[in-house]
Amino acid sequence: MKKRIYLAMLVACVALTATACSDRGAVVTDDTKAEKQAEGKKAEAGSTRLVSVDNVDKYITIGEYKGLILDNTVDAITDDDVQSQIDQELQDKAEPVSEGAKEGDLVTVNYTGTIDGQTFDGGTANNYDFVIGDGQMFTEFEDGVTGMKKGDTKEIQIDFPSDYGDSTLAGKTAVYKVTVQNVRRTAELTDEWVAKNTDYTTVDEYKEGVRSKLEADAKQSAQEVLKNTAWSTVLENSEVKEYPQEDIDGAVSEFKKSMELYAKQADMTLEEFIGSQGISQDDFDEQCQQYAEGKVKQNLIVQGIMDAEGLSLDDKESLQLQEKLVKQMGAGNLAELVGTYGQDYVDESVGLLRVEDFIISNASVSDKISNGDTTAEDAEAAVQNSGQDAEDESADQDMSETDESIDQDASETDESDGEDVQDEPDVDENLESELGTE
């Protein structure tokens, strides 16, 4: 059991509240039950709520969530993107061959490396896949495997460079005993291959289908980024006044139960598990509190916006999001999803999605296309601008090379003319001034 496992668990637990743990100065109160009876409570749009209090305004000041200015930036899909995806699919469907391996083949090997007859950490692997020519392995290793067939065994010598990252191997010579388990070769992209391996009948149809899928994925990815940006904007601009104690206690208990489950799987008590991660009990308690405050802040914001806008976890839109969540999480039905993750998780997820959609629908969203580092209003402009950027970079490079050449010539002139040159203007500085270089 490693400390990184615990840290990964912590990250997973706070995934929905990533930036919500910064309100360290807020006061936690214990008047939750009294607050339920307080005057001025908000109108209830539905019976299911994410927080124990009725008047959210007492606990949090919610940042502006209507009228936000946002960009929905979708990555442009280029011919190279399409070809790269097709190449990957061709490789995934590579067929075994009986002849010797050559560049481009996907090879599966077992190998054992030794230095002075002794094995070393990281020097042994079974069923290891790599493509000859991709540079994943040392050139000597790829060259040694080239020509080998399934079942062949040979020894390959590797001389590690003196500046190799692993100091235990740097400057040493290793001998690898390599056995080829399989050699697979990608087929040529033809109409026949397309009809046999895809839902299309021709290469052109296949390419268009791949492009459409990549474009749909890019739009979906951009939509997720847009939602995250919208939510993060509101989250960062909201300030907690007080934390309702009942909600904090519940979140702390939830976090501890999650850790107890992991401890049980490791056949440990919670205290033993905490110790195995190299953290103190005080550190663990602090992390519990951070998680709780992050989660409660999120729920206060979501519930506050829903109350103010007459939204509900029980309305038509939320129920549709609930069904969508079931599909996204790979559950057979809502009961299975709740059984796996709990009702609170489902309610909080649906509530967050509902509010994100509301924020975006009430925002000023500009649709843009990105091609690398270039962003424009449409794909054609993005590609053109990207091409212009490349030309500018090339021109800058040419100019830089020209400067270097002139500098070199000037340097040689200085050396040949000796002290007389000192009375002349500095050639390099003049040129740099004229060319606008530094």
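The values are calculated or read from the model by the stated rules, or taken from the named source; none is laboratory data. No experiment lies behind these values; they were computed from the predicted model shown. FYI the Cβ positions are ideal-geometry reconstructions off the backbone, even for glycines, and counts take in every protein chain you see. Side chains included, ligands, DNA and RNA excluded: accessible areas come from the protein's heavy atoms. Shrake-Rupley method; radii C 1.70, N 1.55, O 1.52, S 1.80 Å.
Points worth noting:
- Calculated P(r) tail over 16 Å for the stretch 282-321, as whole % of Cα pairs: 52 percent
- Set K227/K327; K196/K324; K150/K177; K241/K324; K297/K368 screened for pairs whose C-alpha atoms are more than 24 Å apart: K196/K324; K241/K324; K297/K368
- Net lengthening on full extension, D79/S47 (0.36 nm per residue, minus Cα-Cα): 6.3 nm
- Remark: spin-label model distance E286-A187 equals 6.0 nm, labels positioned 7 Å along the Cα→Cβ axis.
- Convex hull volume per residue for the stretch 81-201, taking Cα atoms only, in Å³: 116 Å³
- Accessible surface, per residue, of the stretch 110-176 when the full set of protein chains is kept, probe 1.4 Å, Å²: 60 Å²
- Between the C-alpha center of the stretch 279-358 and that of the stretch 86-158 there is a gap of 47 Å.
- Solvent accessible area, Å² - K58, 1.4 Å probe, full protein context: 70 Å²
- With a simple spin-label model that places each label point 7 Å from the Cα along the Cα-to-Cβ direction, the separation between E272 and T146 comes to 5.5 nm.
- Simple spin-label estimate for K241 and S212 in nanometres, 7 Å along Cα-Cβ: 5.4 nm
- Per-residue HN-Hα couplings for the stretch 208-225 [Karplus 6.51, -1.76, 1.60; θ = phi - 60°; Hz; x = Gly/Pro]: 5, x, 4, 4, 4, 5, 5, 5, 5, 5, 5, 5, 5, 5, 5, 5, 5, 5
- Carbon and sulfur %, accessible surface of the stretch 43-137 computed with the full protein complex present, 1.4 Å: 39 percent
- Here the calculated FRET efficiency for K66 and Y128, from their Cβ-Cβ distance with R0 = 60 Å, stands at 0.65, rounded to the nearest 0.05.
- In a fully extended conformation the segment linking D344 and D314 would gain 9.4 nm over its present Cα-Cα distance, using 0.36 nm per residue.
- Cβ-Cβ FRET estimate between T112 and D357, R0 fixed at 45 Å, reported to 0.05: 0.20
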